[in-house]
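Just below is one structure, and these are the notes that go with it.
The values are calculated or read from the model by the stated rules, or taken from the named source; none is laboratory data. Owing to the predicted nature of the structure, the values given are computational and were not obtained by experimental measurement. Using ideal geometry, Cβ is built from the backbone for each residue, glycine included, and neighbour counts are taken over all protein chains shown. All accessible areas refer to the heavy atoms of the entire protein, side chains included, with ligands and DNA or RNA removed. Shrake-Rupley method; radii C 1.70, N 1.55, O 1.52, S 1.80 Å.
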Amino acid sequence: MVRRLILLICLLTPVLARAAEATLFAPVPLAATPEAGGDLIVSNEKAARALALGLTATAAAQAEQVLARTTAGDAARDAAALILATARLEMGELAAAERALAKHGGTRPPAYRLRAGLIAARQGRWSAAQSEADGLRPEQLAAEERAWLFLLQGQLAEAARETSKAAAAYDQASLSATSEWQRARIGLIRERLRIAQGEVTESQANSLRDAAERYAGRNVGNDYALQYAVALAQLGRRPDAVTYLQTRLAALPSGTPGQDDLRLLIGLVATPAQAAGRVALEQLLIAGVDAAKQRMALYLLAGAAGNAESRRRLRETLDELLQRAQPHALDEEMLLVRADLALASQDYPQADADAKAHLARYPASALRARAFTLLAAVSWELKRFRTSADFAAQAAGATDDPPARASLRLLTAEALYRAQDFLASAGAYELVLRDLPPGVTTAQVFFQQCMAEISAGRLEAAAGLLDRALSDPAVDAVTRWQVEWNLARAAQAAGRREEALKRVSRLRAEATASSQAPDLRARLAWLEARLAIEAGHADDALRLAQAVPTELAGVQPELAREVSGLAGLVAAEALFQSGRTDEALTELRRVRANQTGTEAMLQTFLVEADIQATTGGRGLENAQALLTRFAKDFSSHDYAPYALYQAALIAERRGQDDAYQQAYVLLEELVKTYESNALVFPARMKQGDLLRRLNQFPVAQQIYELLVNRYAQHPDVLQAQMALADCHRAQAAQDSSHFESAITVLERLRDLTSAPVDLRAEAGFKLGDMLAVRDPQAALAVWWPVAQGLLLEPAAAERLGARGRYWIGRLLVRMAGVHEEAGRREEAGDLYRLVIAKGLPGLAIARARLEAPAPAANR
């Protein structure tokens with residue numbers, strides 16, 4: 001009985017079911033769900049891509065979002081902390097870089113130590129930097145990280161006055177770069193270090209200025225000029241340095257060697273945040289001759305594009321360059337930067353077009369993987385997850401970078417999961433487990449693989465994964481329990497309650513023995529009791545429910561209160577199933593009094609109403625009153641529309657005209673108050689049924705027509721069409737036009753191949769039944785093709801449900817009756833024998849008619 005209530009909630013109102021589970025029934029009791037985990041992975045991937053393209057401000061903002069959504073120890077948080085620290089370091093915000101690194105977990109992997117060393121070196125804490133660098137080897141780091149290790153070694157050697165060693169390390173850093181972009185980043189960092197570090201005196205600066213003037217017009221003079229500007233910056237005189245460089249630049253004729261160096265240094269000293277720096281870098285990008293320095297300018301401009309205005313300005317510059325007839329040395333890279341800027345600005349069509357244009361123009365490019373990745377990101381943002389998965393898979397196949405390939409495979413699995421291709425996503429997660437991407441744990445991917453199997457309905461496969469995980473130290477106990485929880489809930493929803501109960505009972509024993517995760521242990525205690533009552537084990541359920549309070553030690557207070565209340569509900573249901581109705585009602589009222597404001601308290605109204613309704617008579621009125629009170633007192637709660645709907649059903653059960661009218665009014669309140677709720681359609685259907693009971697067929701007809709016209713895509717709209725046909729038939733005696741309207745609807749439903757076969761069987765019977773009143777032969781002509789097509793055709797017969805078999809049984813018996821009335825006893829006998837052979841409803845009538853003696857006239 002109470003189980004019926006819970007099932008009705010789940011079947012009729014999925015939204016309500018989710019609301020009921022908001023506190024206790026969350027799909028994952030302690031950690032992120034697959035969706036949340038996937039979102040974090042995608043967010044980190046977007047941040048890493050922005051960082052690689054020089055969009056440091058965008059990368060920092062994205063990483064900050066991940067950190068805000070995660071807790072200590074989360075692998076996604078650790079990955080975001082490393083990205084944020086790198087972005088802040090490149091932006092020169094050393095204190096912020098330190099704070100970001102401090103958000104990393106307690107471990108200190110090589111990637112962490114590398115960044116700690118780079119930060120310390122920038123701060124001039126050379127002993128700390130050396131301590132971090134000691135023991136770090138290139139093979140411990142991902143390919144794209146190794147260049148930074150050589151850069152750190154070069155800084156340490158330079159600080160120790162080991163010039164040749166420093167030069168060798170810097171050369172190795174450049175050679176180890178995995179892309180031209182990274183090589184540009186390393187070159188920029190070296191230039192920034194030259195400006196920010198080192199000691200110089202005013203006298204030394206003056207000597208450099210004099211030398212620049214002495215050798216003006218020669219290459220060596222330009223070198224001295226650049227050194228003098230750097231010296232001014234080191235002395236804290238950046239505005240003077242910029243002015244000096246601008247003067248030197250203005251004195252050079254267009255196309256003179258050295259202009260690229262001057263513009264780049266102006267950009268570095270003034271920074272792109274200042275107009276002078278931005279303009280110099282834009283001029284370098286537009287008119288420069290050294291592609292390497294132009295790439296640095298592009299990188300600096302992209303890194304400063306942290307707001308809408310700066311992104312707009314850079315996009316306009318890129319638009320101008322990409323539209324020129326003469327190709328630019330960086331066309332390929334500028335196209336992808338513009339795509340990333342568009343993505344950051346949520347201009348998805350432009351981002352998509354640029355990435356696809358890149359693939360079309362440069363099919364053999366080493367940057368193809370980046371273009372595919374960008375397309376995957378665009379599709380993800382547009383929630384086109386199947387397309388996102390396809391692009392991510394192509395990106396994985398196009399990259400030569402193993403960590404990037406692993407991350408893209410994980411993105412593929414996540415996108416497939418969201419595309420609800422759960423079987424494919426489970427296989428994709430299996431591939432990820434063979435080669436984990438950086439910052440992702442085996443336990444995380446295992447959890448999501450199991451969730452994919454469960455979502456695909458492959459509960460045995462998920463159980464097999466769990467059993468194998470027992471011997472895998474990489475899958476911790478808490479992760480395994482989380483999967484067990486979801487598996488048990490899935491088995492429960494699939495009606496496999498005994499199986500779920502056995503699994504949870506075993507898990508409960510393990511959880512108690514290990515004395516871990518008190519919150520989960522409490523949830524499992526409740527779930528075991530819940531499953532026991534659903535499996536019909538009332539005595540066990542009562543014992544388990546009453547023992548739940550003993551499992552609440554160490555549980556968060558709010559959750560403990562919720563679990564205690566829900567256990568009280570199980571106890572009340574168990575008492576009722578045991579025939580102890582008064583005790584059940586007392587328990588419900590106790591929960592209502594002690595659990596004010598909880599979901600358990602709210603559910604007591606629904607459960608008590610269900611109990612009261614089973615007693616009939618006065619109990620129906622009490623149940624209706626309880627549900628109506630609930631809907632009034634808690635009108636904003638997700639259960640309120642359900643309470644109104646259930647109250648109307650109970651009023652209908654009272655079987656009196658005034659009760660039917662009460663039911664109609666309750667349903668009208670539901671429709672008007674909760675107009676977007678999923679229960680509106682069934683409420684309107686029920687109103688039509690009630691009006692037919694009250695013989696108000698014209699009004700009922702209007703309701704069914706409204707449903708047919710307004711809810712053409714609703715899964716139950718064909719039922720509304722059937723009800724409309726019944727309504728027309730009921731009015732046919734007063735107006736013959738209704739007869740024709742009913743015939744038209746029934747013919748359409750009978751012939752609609754996309755309709756359920758049960759509904760087509762019903763339409764076929766009713767169509768012939770109407771025709772039989774006027775023309776029995778026409779009825780026979782309708783009925784037999786229906787029986788032949790839906791009962792004797794194997795493919796259709798396999799899809800016939802109990803309801804369809806009922807209508808086919810009625811159809812054959814009615815056909816036989818028409819033949820009998822016409823004196824065709826042999827034909828009627830064949831039909832009766834067909835009913836018996838197929839075991840259809842009407843079997844008793846068929847046997848009785850076959851055993852009945854033939855009429856005297858035929859003997």
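Some values worked out for this structure:
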item: Normalised alpha carbon radius of gyration of region 242-320 [divisor 2.2 N^0.38 Å]; result: 1.03
item: Accessible area per residue, Å², region 276-384 with all protein chains present, probe 1.4 Å; result: 42 Å²
item: Nitroxide proxy distance, nm - points 7 Å out along Cα→Cβ at D331 and V699; result: 7.4 nm
item: Highest to lowest packing among 602-611, 216-225, 539-548, 282-291, scored as the average C-beta count within 10 Å; result: 602-611, 539-548, 282-291, 216-225
item: Accessible-area order (highest first, 1.4 angstrom probe) of the listed residues D74, D467; result: D467, D74
item: Region 58-105 - percent of accessible surface contributed by carbon and sulfur, probe 1.4 Å; result: 52 percent
item: Where labels lie 7 Å past Cα in the beta-carbon direction, separation of A781 and L706 in nm; result: 3.9 nm
item: Estimated FRET transfer efficiency (E793, D657; beta-carbon r; R0 41 Å; 0.05); result: 0.35
item: Nearest 10 degrees, 0 to 90: helix 717-731 Cα axis against the chain principal axis; result: 30 degrees
item: Kirkwood hydrodynamic radius over Cα pairs of region 332-378, then Stokes diffusion coefficient at 10 °C and 1.306 mPa s, in µm²/s; result: 159 µm²/s
item: Probe 1.4 Å, all protein chains present, accessible-area order of S254, S131, S43, largest first; result: S254, S131, S43
item: Sequence-distant aspartates and glutamates (8 or more away, or on other chains) whose Cα lies within less than 18 Å of K502; result: E460, D467, E484, E510, E528, E534, D539, D540
item: Ordering of 433-446, 401-414 by packing [mean C-beta count within 10 Å, highest first]; result: 401-414, 433-446
item: Rough spin-label spacing in nm, given labels placed 7 Å along Cα→Cβ, for A357 and A547; result: 6.9 nm
item: Whole-number accessible area per residue in Å² for region 93-203, which is evaluated in the context of all protein chains at 1.4 Å; result: 49 Å²
item: Alpha-carbon centroid distance for the pair region 223-262 / region 424-497, whole angstrom; result: 61 Å
item: Solvent-accessible surface (1.4 angstrom probe) belonging to I845, in square angstrom, nearest 10; result: 90 Å²
item: Whichever lysines have a C-alpha closer than 29 Å to that of K838, once near sequence neighbours (fewer than 8 apart) are set aside; result: K766
item: Rg followed by Dmax, in Å, when the chain is reduced to its Cα trace; result: 37.7, 139
item: Extension gain from R590 to L433, taking 0.36 nm per residue of separation minus the Cα-Cα distance; result: 51.5 nm
item: Region 557-716: mean projected area of Cα convex hull, nm²; result: 10.5 nm²
item: F681, F150, F634, ranked by accessible area, largest first (probe 1.4 Å); result: F634, F150, F681
item: Tilt relative to the chain, helix 75-90 - C-alpha long axis, 0 to 90 degrees, to 10; result: 30 degrees
item: Accessible carbon and sulfur surface of region 322-446 relative to its total accessible area, %, 1.4 Å; result: 49 percent
item: Percent of C-alpha pairs per 5 Å bin, region 562-620, short to long; result: 4, 23, 31, 23, 13, 5, 1
item: In degrees, nearest ten, helix 802-821 long axis to first principal axis of the chain (Cα); result: 30 degrees
item: The chain - mean residue ellipticity at 222 nm from DSSP helices (-39,500 (n - 2.57) per run, n ≥ 4, rounded to 500); result: -24500 deg cm²/dmol
item: Ratio Rg/Rh, restricted to region 224-372 and using Cα atoms, in which Rh is the Kirkwood radius; result: 1.02
item: Calculated P(r) of region 345-489 - Cα pairs past 22 Å, %; result: 44 percent
item: For region 778-856, accessible area per residue (1.4 Å probe, heavy atoms of protein chains only), Å²; result: 52 Å²
item: Percent carbon-and-sulfur accessible area, region 218-309, ignoring ligands, DNA and RNA, probe 1.4 Å; result: 53 percent
item: Normalised alpha carbon radius of gyration of region 190-297 [divisor 2.2 N^0.38 Å]; result: 0.99
item: Taking the convex hull of Cα positions in region 44-83, its mean projected area over all directions (nm²); result: 2.3 nm²
